[in-house]
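See structure below.
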Amino acid sequence: MPLRSSTPSHTGSIARASRLSAADRFRQFRGLSLVEVMCALFILGLVMLGLIGNFLQSRRVTESAVLHAAATSLVYGMIEQIKDLEYSTMLPNYEEDPSVPTVAGVPVVAPPYIRLRLNQEKIVWLRVVHTTPTDEDATTASIPDPQGPTTTPGALESVPGAIDNWMGSIPLSTVTGSMSQQINLNMWVWIDDISNKGAWSAESTAPNPDGSDVKKITIVYTYQYQDGGKTRTIRDREVILRTPYDQ
C-alpha cells in the first residue's frame, strides 16, 4: 500500500498558525479608540485643573505672607525709632520743625508730633494724641485717664479722637522680585503721661520720691494691599512704655 505524503497537511497547519499569530500581533499592537482617547484627556484635564488651582492658591498665600512680613518689618522699624527718641522733648515734639513741608508758607503738619524716617527717601511727622501730665498734690481731684485704646479696633472700626496719619502708597517687592505692589499705611498714635509717683496721704505728705513718670505709647497701624481682585485690610496694635531712664 503506497504511503501518502503529509506535506500538504503540514503546509496548511503552518499557514493557519501564521494567520493566528498575525491576528494576535494585531490585537496586541492595535491603537486606542476615540472614546478611550477622550476619556483619558478628560481625566488628565481634571488632574491638571486641581494642580493649577493648588499652585495659584499656594502662590497667593505665599505672596500675602511676604507682604505682611514686609509691612510688619516697616512698622517695627518705626517703633524702634520711637524707642530711641529723646524722652522729655521728642515724645512728643511741641517745637516747630523747620524741615516740615509747607504749602503757601504754612506747615502741612502742626505739633505735637513725632518725627520718624519711613525709608531712605521719606521722613514722616506723625501727629499724636497727647495726654499731658498732671502735677499731683493734696488738692488734685482727678487724674486724666490714658486715651490710648486698650484693645485692637476692628479693621474698619473708627476710634473717637484718633488722629489719622496716612503715609501714602509704599511700594513693596512681591515674591517674583520682578514687580512691586503698593500698600497703604495709616497709623494712630497716643502718648499718655502716667504718673508713677504714688498717692498723697490723708496727712498731705509728699509721695514717694523714688517714683518716676512713665509714658505709655499706643500705636494702632492699618495697611491695605491687593490680593488678586480683593483688597485686604490688616490692623494691629503695639504698646510701648518709656521712662526717663531708658536712654
* **In Hz, Karplus ³J(HN,Hα) per residue of segment 73-83 (6.51, -1.76, 1.60; θ = phi - 60°; x = Gly, Pro)** => 4, 4, 5, 5, x, 6, 5, 5, 5, 4, 5
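What shape does segment 48-99 have by the C-alpha gyration tensor, where a ≥ b ≥ c are the square roots of the eigenvalues, rounded means a/c under 1.5, and otherwise prolate means a/b greater than b/c and oblate the rest? Can you show the working numbers first?
Numbers: a/c = 8.30, a/b = 4.44, b/c = 1.87.
The shape class here is prolate.
We did not get these values from a lab; they are worked out from the coordinates using the rules stated. It should be emphasised that the depicted structure is a prediction, and the values quoted were computed from it without experimental measurement.
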